[in-house]
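Undergrad: Take this structure first; my questions come after.
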Amino acid sequence: MQLRLAVLAASLCACKSTGAPAPSGAPAAMPSRARATPAAPSRARATPAPRERPRVATPRPSTGESGKLVGLTDAHNRVRSEVGVAPLVWSDELARWAGAWASRLASKGCELTHRPARADDYGENIFWSSGPTTAGLVVAQWAGERSGYHHATNACDGVCGHFTQIVWRASKRLGCGAASCAGGGEIWVCNYDPPGNVMGQSPY
């Protein structure tokens with residue numbers, strides 16, 4: 001038996017210049033914090049040996065997706081690969097930020113509302129379903145707007161801002177969160193850094 005879900009989605013426009021499709025909603029915001037990775041010290045040896053260069057730890061993409069969120073990065077990157085843009089990496093920092101907003105929305109009846117705008121905003125896609133859903137379905141619903149996007153003219157029929165944020169070339173990091181709504185529904189939030197949907201620019 002198929003489960004039919006009612007779904008709604010909202011995306012934001014990081015309207016910083018003048019465009020790309022301008023989805024409704026306000027930008028999300030939170031300053032990102034750069035973290036320096038120190039070099040690992042070389043070890044002294046008792047017997048003479050050729051000098052070795054100090055080894056520098058290289059940053060690794062986080063594997064912090066857990067529970068219902070597992071698969072979100074891969075789902076985003078499959079869509080991005082179809083238009084030839086580099087993959088996103090998961091950010092635990094953005095995931096905490098997105099999760100906090102999802103919980104806030106859930107506490108207010110799961111309304112589709114973006115974070116108030118700030119100068120250091122993140123991109124944001126929001127999704128609501130009337131029942132349990134999956135990471136793949138969430139991204140598929142957003143990516144389905146591709147059929148209404150016209151790359152040659154950088155315009156869309158109806159809403160396509162969720163899709164353009166997913167494939168925004170300049171976006172590098174992704175973090176998402178989900179929360180349960182009263183009555184069994186779910187609210188999902190994904191944040192992107194740097195934000196996409198900058199007016200006057202093409203996503204790819």
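Undergrad: Give me a count of the residues in region 67-112 that are surrounded by 15 or more Cβ atoms within 10 Å (Cβ to Cβ), among the polar types (S, T, N, Q) and over 11 Å from the mean Cα position of the chain (by Cα).
TA: So the answer is 1.
Undergrad: Could I ask something else about it? Check residue 166 against each of (1) open to solvent by 10 Å² or more (accessible area, probe 1.4 Å); (2) touching a strand residue (DSSP E or B) at 6+ places or on another chain (Cβ under 9 Å) and name the one condition it does not meet.
TA: Only one criterion is unmet by residue 166, namely (1).
Undergrad: Inspect region 181-195 for any residue being acidic (Asp, Glu), open to solvent by less than 10 Å² (accessible area, probe 1.4 Å) and in contact with a strand residue (DSSP E or B) (Cβ under 6 Å, 6 or more places away or on another chain) and give the result as yes or no. Write out each step before concluding.
TA: In the first step, residues of region 181-195 are kept if they are acidic (Asp, Glu); the result is 186, 193.
Filter once more, so that each one left must be open to solvent by less than 10 Å² (accessible area, probe 1.4 Å): none.
Checked region 181-195: no residue is acidic (Asp, Glu), open to solvent by less than 10 Å² (accessible area, probe 1.4 Å) and in contact with a strand residue (DSSP E or B) (Cβ under 6 Å, 6 or more places away or on another chain).
The values are calculated or read from the model by the stated rules, or taken from the named source; none is laboratory data. For clarity, every value in this text was computed on a predicted model and none was experimentally measured. Methodologically, a virtual Cβ is constructed for each residue, glycine included, from the backbone with ideal geometry; neighbour enumeration extends over all protein chains shown. Surface areas here come from the heavy atoms of the whole protein model, side chains and all, with no ligands, DNA or RNA. Shrake-Rupley method; radii C 1.70, N 1.55, O 1.52, S 1.80 Å.
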